[in-house]
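Here's the structure, in structure tokens; my notes come after.
The values are calculated or read from the model by the stated rules, or taken from the named source; none is laboratory data. These numbers come from a predicted model, not from an experiment. Glycine also receives a Cβ, built like all others from the backbone with ideal geometry; neighbour counts cover every protein chain displayed.
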Amino acid sequence: MFTRKPLTRRSNLLSCLALFSAALAACSPVASARPAELASTEVRIQAPSAYEAGRYFILVGGCNDCHTPGWAQSGGQMAESEWLTGGKIGYRGPWGTTYAANLRLLVQKVNEDKWVEMFRTRDGRPPMPWMNYRTINQSDLRAVYRFIRELGPKGEEAPKFVVPNQEPSTPYLSFEPLMPNK
Ligand code: HEC
């Protein structure tokens, strides 16, 4: 099980009482984004192993939502053995049609350093939120890599990217906004 230092309501409440003028802001639902009393070390992932840390990060990072077929439909109730095997349904938009890669196969082909570099430098296509993941801490990225490696290779490669305006040969989800029929 992953654990983290407790950021309890109680400690929040105590700091609110201590700093009366800051208290209103800190206790209100629209509290400032970065309360001064939280040291950055209090919010790092702590887990007994890279495997557990990686597993946690995959879940909160939303990786399964796109890279594990059927994830949303199952309400996240899928065996780990099925995780991250890549999507066969395309994401079609102005960028063309992309497919969520099979990460179980990818980590067999790229080493850990390359994996980290990919997240730092890749200017990839939507809907993979590359821009959001650019700031992931390096040790978190390494933990994610090791977790996926431990799952082992499984499945087939996702279909290849299709250029804009070319018809994909697989089912796809369209990102073109539709106007309601009135
Ligand atoms: C909203 C959907 C979505 C989410 C969420 C998402 N991905 Fe992706 N991912 C994709 C798509 C689509 C591609 C292909 C993008 C491209 O062609 O640039 C991709 C590509 C990748 C690649 C590059 C694969 C290759 O062969 O080069 C990696 C690595 C990756 N994703 C890892 C992750 C990880 C780790 C997470 C969670 C922290 C994640 N993705 C979350 C949709 C997603």
request  = Taking the residues in segment 67-124 that are of a type in the set (Val, Ile, Thr) and in contact with a Ser or Thr (Cβ under 9 Å, 6 or more places away or on another chain) as candidates, determine which candidate is nearest to Phe57 (Cα to Cα).
outcome  = Thr68
Within segment 82-133, considering residues that are charged (D, E, K, R) and part of a helix (DSSP H, G or I), the one nearest to Asn64 (Cα to Cα) = Glu82
task = Name the residue, out of Gln77, Gln138, that is loosely packed, with under 13 Cβ neighbours inside 10 Å, closer than 27 Å to Arg44 by Cα and touching a residue at least 12 places away in the same chain (Cβ under 8 Å).
result = Gln138
message = Given the criterion more than 9 Å from the ligand (Cβ to nearest atom) and in the same structural domain as Cys66 (by TED's automatic domain parsing), identify the matching residue among Arg149, Arg122.
response = Arg149
inquiry  = Restricting to segment 132-182, give me the number of residues that are of a type in the set (Phe, Trp, Tyr) and closer than 16 Å to Leu105 by Cα.
reply    = 2
request  = Just give me the residues in segment 55-112 being under 30 Å from Pro177 (Cβ atoms), of a type in the set (D, E, K, R) and within 11 Å of the ligand (Cβ to nearest atom), in sequence order.
outcome  = Asp65, Arg92
inquiry  = Of the conditions (1) free of Cβ contacts under 8 Å to residues at least 12 places away in the same chain; (2) within 11 Å of the ligand (Cβ to nearest atom); (3) assigned to a loop (DSSP other than H, G, I, E, B), Glu157 satisfies every one except a single condition; which number is it?
reply    = (1)
ask   = Any residue at all in segment 81-103 that is loosely packed, with under 13 Cβ neighbours inside 10 Å, closer than 20 Å to Arg55 by Cβ and not aromatic (Phe, Trp, Tyr)?
value = yes
query = In segment 125-142, what residues are in contact with a helix residue (DSSP H, G or I) (Cβ under 9 Å, 6 or more places away or on another chain) and within 11 Å of the ligand (Cβ to nearest atom)?
reply = Pro127, Met128, Trp130, Tyr133, Ile136, Asp140, Leu141
query = Which residues, taken from segment 160-182, are of a type in the set (Val, Ile, Thr), in a loop (DSSP other than H, G, I, E, B) and surrounded by 10 or more Cβ atoms within 10 Å (Cβ to Cβ)?
reply = Thr170
